[in-house]
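The values are calculated or read from the model by the stated rules, or taken from the named source; none is laboratory data. Owing to the predicted nature of the structure, the values given are computational and were not obtained by experimental measurement. Please note: Cβ atoms are built from the backbone with ideal geometry, for glycine as well, and neighbour counts cover all protein chains shown.
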Amino acid sequence: MPRASSKPSVPPAAAVPDENGSAVTDKNSSIESIANDIATAIVEKRLPPGTWLREEALGRVYSVSRTKVRAALLMLSKDKLIEMIPDKGAFVSQPSVEEAREVFAVRRILESEVVRLFIACAKARDYQALEQHIKFERTALRQTTTMGTVREKLLGDFHVALAEATGNRTLAELVRELVARSSLIAMLYHSSNDPHCSSDEHAEFLRLCRKGDVEAAVKSMTEHLERIEASLELGTEKPDRQLDLVKALLA
């Protein structure tokens, strides 16, 4: 999956008009950077489920051809973040209730193995990095000016960082994809997850890992994911939203 980042790293360039006549920076973006930028906007909830990703609007945002835009959208469709519908276009995915349950079921299986691998191979620096991540979470939670999407992304990033610490890149990519899809699911099904609770659970989980208590740590992670799934109002999908793609992507 394309790696979501806060903003794409691209050089400044000339401006081109958007669909409302406003100036939009020409990013001269690569296919991968376009895919990364859109993936980030989805994870950060700037592009909610059901959003129509209009090729002409995306072409203006990134000042590239529609062929290049289609290639970026195809990358995202392979990761299930968007859906390509023949004769209609590309849309941010709207996971069904069944898919939502499947994603969390797979996460519980996969992340249980992540926990076992992490405890088996983690070094002191890995624990320190994750403890620092939890500090970032708590700082973000204390700051009222921090956007909710940033807080939630930090919470999801903890799971990705844990998988990356195992040294298994394929496993980390799978976890990254599932965390991104979970973010979509949370948007669509009105998640009532308490971020403070999630951060506390991360800290307790890491304490169990430090003790080397594998089964207790696996149980902690499983229950954490079960609670997040239980916070979803499955069956209460939000209606599709029409929005200004240019404003959403440049926010």
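Annotation note: of Phe205, Phe104, Phe118, Phe136, the sole residue that is closer than 25 Å to Ile42 by Cα, of a type in the set (Phe, Trp, Tyr) and modelled with pLDDT of 95 or more is Phe104. Based on this model, can you work out whether Leu81 counts as in contact (Cβ under 8 Å) with a residue 12 or more places away in the chain and more than 27 Å from Tyr189 (Cα to Cα)? Here the answer is no, as Leu81 does not meet what is asked.
Restricting Val218, Val179 to those that are crowded, with 22+ Cβ neighbours inside 10 Å, part of a helix (DSSP H, G or I) and at pLDDT 85 or above reduces the list to Val179.
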